[in-house]
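Student: Sharing a structure here in structure tokens format.
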Amino acid sequence: MPSAFSFDLQKTDGTARTGVIHTARGDIRTPAFMPVGTAATVKAMLPESVAATGADILLGNTYHLMLRPTAERIDRLGGLHRFMNWSKPILTDSGGFQVMSLAGLRKLTEEGVTFKSHIDGSKHALTPERSMEIQKLLGSDIVMCFDECPALPADRDRIAESMRLSMRWAARSREAFGDRPGHALFGIQQGGLEQDFRAESAEALREIGFDGYAVGGLAVGEGQEAMFGCLDFAPGMLPEDKPRYLMGVGKPDDIVGAVKRGIDMMDCVLPSRSGRTGQVFTRHGVVNIKNARHADDPRPLDENCSCPACRSYSRAYLHHVFRSQEMISGMLLTWHNLQYYQDLMAGMRAAIAEGRFAAWEVEFHAGRAQGDIEPL
Ligand SMILES: [Zn+2]
């Protein structure tokens, strides 16, 4: 039998936390950053390279995988871990967020959502029950409740209505998920930026009972200041002894601010997507490798980074292969960006464990103010 899912909260420093999530497929050190493997691959990376950056867990997208190659096919081929050659934990989203963003191509009812595929226009339905079934077929270690959320800003009535529907869907997700030892189900708090709705949502989720809790409905257009304002109260409403996951965040300073406010897990396409567009994250800020000023620069991107792009190549070479649209450009820059994110998480974990997160944060911001920052 697979061992049970559990969270070992080891140390808090202010509201920042560090610990370990134990799963049947291995431990996840928190705070954790999850690279996104949308279509059963972290683009431009071999799975062993992703693991080499220090990632303990990947995120897979239900919406993309259900359409192509389909969850049933992945199940027949032995599940998502085997299919994509990743043996560590996988978290899958519910498909809800991506379906909701198909404006004009979807229809929302109490039952669920019907939508047209962005690939071939074919009709599909997602309900809490179907989302649980798909995530089970994929073999996901951490399954997310099926929910929906409005883009912000939205009026209070719309936010309340949407949050209450998501809470009814959370109960249906819990029921459909059933009892699956070794697999976890996370509930998702909604309620926009409204403190009373966040509290109502947290209460509804606690009553149902989950293995972990996500703060959903943020990073949807509200801006960093508003997001941090919400994170000043939202995570504290969730059970302290369970992991807290902020979905779809974010830029390095978003991540630091979220960890500071008690978040344990995050995911974002930014490091991998930016790697393919020549935008590089470093301790001194963002470097845009396509700028001509790198053409003769023999220095590495970051002399303190252990990734292959920094160890073996100059900025001049990385500039050249980017400008020449060579595939190695996306490979090297993605590796570097994922390494940067994992090093960032490791730095925060060590600082929290040693009770010096505040000093670490000052250093983080000071490093970025030093220069090398280029406009996005
Ligand atoms: Zn590097």
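Student: Which residues, taken from the range 286-316, are crowded, with 18+ Cβ neighbours inside 10 Å and within 28 Å of E48 (Cα to Cα)? Quick ask: steps written out before the conclusion?
Tutor: Of all residues in the range 286-316, those crowded, with 18+ Cβ neighbours inside 10 Å come to 287-289, 294, 300-302, 305, 307, 309-310, 313, 315.
The answer is V287, N288, I289, P300, L301, D302, C305, C307, A309, C310, Y313, R315.
Student: Moving to a separate point now. Does the range 215-228 contain any residue that is modelled with pLDDT under 95 and outside the structural domain of I57 (by TED's automatic domain parsing)?
Tutor: No - not one qualifying residue is present in the range 215-228.
Student: Can I ask one more? Scan the range 293-338 residue by residue and report those that are closer than 19 Å to P35 by Cβ and outside any helix (DSSP H, G or I).
Tutor: Selection gives L301, D302, C305, S306, C307.
Student: Residues in the range 4-13: is at least one surrounded by fewer than 17 Cβ atoms within 10 Å (Cβ to Cβ) and of a type in the set (D, E, K, R)?
Tutor: Yes, some residue in the range 4-13 is surrounded by fewer than 17 Cβ atoms within 10 Å (Cβ to Cβ) and of a type in the set (D, E, K, R).
Student: Which of the following residues is near the ligand (Cβ under 9 Å from one of its atoms), in contact with an Asp or Glu (Cβ under 9 Å, 6 or more places away or on another chain) and either more than 25 Å from I28 (Cα to Cα) or not polar (S, T, N, Q) (or both): H284, H336, H319?
Tutor: Working: H284 fails: near the ligand (Cβ under 9 Å from one of its atoms); H319 fails: near the ligand (Cβ under 9 Å from one of its atoms).
One residue alone meets the criteria, H336.
Student: So, one more: Looking only at the range 339-374, count how many residues are within 16 Å of the ligand (Cβ to nearest atom) and in a loop (DSSP other than H, G, I, E, B).
Tutor: Looking only at that region, the number is 1.
Student: If you don't mind, there's one more thing I want to ask. Determine if the range 138-150 includes at least one residue that is free of Cβ contacts under 8 Å to residues at least 40 places away in the same chain and either within 21 Å of the chain's Cα centre (by Cα) or outside any strand (DSSP E or B) (or both).
Tutor: Scanning the range 138-150, I find no residue that is free of Cβ contacts under 8 Å to residues at least 40 places away in the same chain and either within 21 Å of the chain's Cα centre (by Cα) or outside any strand (DSSP E or B) (or both), so the answer is no.
Student: Within the range 154-177, is there a residue that is touching a Phe, Trp or Tyr at 6+ places or on another chain (Cβ under 6 Å), charged (D, E, K, R) and either more than 30 Å from R29 (Cβ to Cβ) or not assigned by TED's automatic domain parsing to the domain that holds A199 (or both)?
Tutor: no
Student: While we're looking at this one, here's another question. Which residue pairs have Cβ atoms closer than 6 Å, lie 6 or more positions apart in sequence or on different chains, and pair a first residue in the range 297-315 that is in the same structural domain as V286 (by TED's automatic domain parsing) with a second residue that is of a type in the set (D, E, K, R) and within 10 Å of the ligand (Cβ to nearest atom)?
Tutor: Pairs that qualify, where the first residue is in the same structural domain as V286 (by TED's automatic domain parsing) and the partner is of a type in the set (D, E, K, R) and within 10 Å of the ligand (Cβ to nearest atom), are C310/D302.
Student: Please tell me if A39 is surrounded by fewer than 19 Cβ atoms within 10 Å (Cβ to Cβ) and either aliphatic (A, V, I, L, M) or in contact with a Lys or Arg (Cβ under 9 Å, 6 or more places away or on another chain) (or both).
Tutor: Numbers: surrounded by fewer than 19 Cβ atoms within 10 Å (Cβ to Cβ): yes; either aliphatic (A, V, I, L, M) or in contact with a Lys or Arg (Cβ under 9 Å, 6 or more places away or on another chain) (or both): yes.
When the stated conditions are applied, A39 passes them.
Student: Could you grab me the full set of residues in the range 111-150 that are closer than 17 Å to L185 by Cβ and among the hydrophobic types (A, V, I, L, M, F, W, C)?
Tutor: Those that are closer than 17 Å to L185 by Cβ and among the hydrophobic types (A, V, I, L, M, F, W, C): L126, M132, I134, L137, L138, I142, V143, M144, C145, F146.
Every residue, every condition in (1) touching a Lys or Arg at 6+ places or on another chain (Cβ under 9 Å); (2) part of a loop (DSSP other than H, G, I, E, B); (3) within 24 Å of N61 (Cβ to Cβ), yes or no:
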site	(1), (2), (3)
T114	yes, no, yes
G121	no, yes, yes
I134	no, no, yes
R158	no, no, no
R180	yes, yes, yes
S201	yes, no, yes
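The values are calculated or read from the model by the stated rules, or taken from the named source; none is laboratory data. Not measured: the values here are computed from a predicted model. Every residue, glycine among them, receives a Cβ derived from its backbone with ideal geometry; neighbour counts consider all protein chains shown.
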